[in-house]
Amino acid sequence: MTTMTARERAAVCVHEAAHAVVAALHGARIETVALTPGHPDHAGRCDHTGNLTASAEAAVTYAGPYAEARYVYGTHPSWREIKSVLDDQCNSNGTGDYDLLVASAGPTPRGVERLIDTAWPAVVTVARQLNAEGRADHAAVCAALGIPAVDGHLSAQASAIRAGFLPTSTR
């Protein structure tokens with residue numbers, strides 16, 4: 001990848017943070033979410049573990065491009081704007097977000113848009129940490145969401161976020 005501007009770097013941070021937030025809300029454990037400067041195919045990555053359903057994996061995949069479009073184009077990006085971000089998500093090895101969504105053979109998980117909109121404060125918090133430190137972990141993502149680090153996706157806070165209510169602190 002070429003050198004990024006500050007705005008491009010911020011967009012990558014938001015993109016990867018959104019993957020992590022949605023993965024955690026579906027029960028995945030975030031191994032790392034990081035910027036990967038100098039990588040030929042991507043500027044960042046989110047690695048998670050857990051037994052997610054195919055629809056949850058598709059939601060995690062779509063969360064990054066949607067959040068990036070929201071950051072770049074504004075609060076309610078059009079499908080054309082989201083697609084313009086997705087069009088840039090093809091990797092030479094077939095593992096880009098666009099590639100993975102096509103491979104899922106399902107409809108685009110548009111319910112993710114509401115989830116990202118609700119969890120936007122957490123996405124921004126994780127993105128800021130990524131921008132400052134270059135990486136974040138499961139504990140940081142859960143703290144940003146206000147959910148417990150162990151089985152947080154089963155918590156009342158996570159249920160409220162998935163239902164469309166703003167995240168609240170667990171303190």
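To keep it simple, each residue is scored yes or no on (1) aliphatic (A, V, I, L, M); (2) in contact with a strand residue (DSSP E or B) (Cβ under 8 Å, 6 or more places away or on another chain).
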{"site": "109", "(1), (2)": "no, no"}
{"site": "113", "(1), (2)": "no, no"}
{"site": "116", "(1), (2)": "yes, no"}
{"site": "121", "(1), (2)": "no, no"}
{"site": "133", "(1), (2)": "no, no"}
{"site": "137", "(1), (2)": "no, yes"}
{"site": "148", "(1), (2)": "no, no"}
{"site": "155", "(1), (2)": "no, no"}
(message) Pairs needed: first member in the range 27-43, without any contact (Cβ under 8 Å) to a residue 40 or more places away in the chain and on the phi > 0 side of the Ramachandran plot; second member anywhere, surrounded by 18 or more Cβ atoms within 10 Å (Cβ to Cβ) and not in a strand (DSSP E or B); C-beta distance under 8 Å; at least 6 residues apart or different chains.
(response) none
(request) Among the residues of the range 145-161, count how many are in contact with a Pro (Cβ under 6 Å, 6 or more places away or on another chain), assigned to a loop (DSSP other than H, G, I, E, B) and under 16 Å from residue 120 (Cα atoms). (result) 1
(message) So, in the range 27-43, how many residues would count as being under 20 Å from residue 143 (Cβ atoms) and either in a strand (DSSP E or B) or touching a strand residue (DSSP E or B) at 6+ places or on another chain (Cβ under 8 Å) (or both)?
(response) 8
(message) Between a residue in the range 92-112 that is farther than 16 Å from residue 82 by Cβ and any residue that is in a loop (DSSP other than H, G, I, E, B) and at pLDDT 70 or above, which pairs come within a Cβ distance under 9 Å, given they are 6 or more apart or on different chains?
(response) 92/41; 93/41; 95/41; 95/42
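Table: residues versus (1) in a strand (DSSP E or B); (2) more than 18 Å from residue 11 (Cα to Cα); (3) at pLDDT below 95; (4) not charged (D, E, K, R).
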{"position": "52", "(1), (2), (3), (4)": "no, yes, yes, yes"}
{"position": "57", "(1), (2), (3), (4)": "no, yes, yes, no"}
{"position": "61", "(1), (2), (3), (4)": "no, no, yes, yes"}
{"position": "65", "(1), (2), (3), (4)": "no, no, yes, yes"}
{"position": "71", "(1), (2), (3), (4)": "no, no, no, yes"}
{"position": "93", "(1), (2), (3), (4)": "no, yes, yes, yes"}
{"position": "107", "(1), (2), (3), (4)": "no, yes, yes, yes"}
(message) Test of understanding: among 63, 67, 103, which residue is of a type outside the set (Ser, Thr, Tyr) and surrounded by fewer than 21 Cβ atoms within 10 Å (Cβ to Cβ)?
(response) 103
(request) Could you figure out which of (1) under 24 Å from residue 74 (Cβ atoms); (2) surrounded by fewer than 13 Cβ atoms within 10 Å (Cβ to Cβ) isn't true of residue 139? (result) (1)
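Can you pull out the residues in the range 1-26 that are more than 21 Å from residue 70 (Cβ to Cβ) and touching a residue at least 24 places away in the same chain (Cβ under 8 Å)?
Pass one, the range 1-26, residues more than 21 Å from residue 70 (Cβ to Cβ): 1-3.
Answer for the range 1-26, where residues must be more than 21 Å from residue 70 (Cβ to Cβ) and touching a residue at least 24 places away in the same chain (Cβ under 8 Å): just 1.
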(message) For the range 141-156, give me each residue that is on the phi < 0 side of the Ramachandran plot and touching a helix residue (DSSP H, G or I) at 6+ places or on another chain (Cβ under 7 Å).
(response) 141, 142, 144, 145, 147, 148, 149, 152, 153
(request) Could you list, in sequence order, all residues of the range 109-136 that are surrounded by fewer than 17 Cβ atoms within 10 Å (Cβ to Cβ) and either over 21 Å from residue 34 (Cα atoms) or basic (Lys, Arg) (or both)? (result) 110, 111, 114, 117, 128, 135
(message) So if I check each of 12, 85, 21, which one is part of a helix (DSSP H, G or I) and touching a strand residue (DSSP E or B) at 6+ places or on another chain (Cβ under 7 Å)?
(response) 12
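The values are calculated or read from the model by the stated rules, or taken from the named source; none is laboratory data. Since we're looking at a predicted model, the values are computed, not measured. Cβ coordinates were reconstructed from backbone atoms using ideal geometry, including for glycine residues, and neighbour counts include every protein chain displayed.
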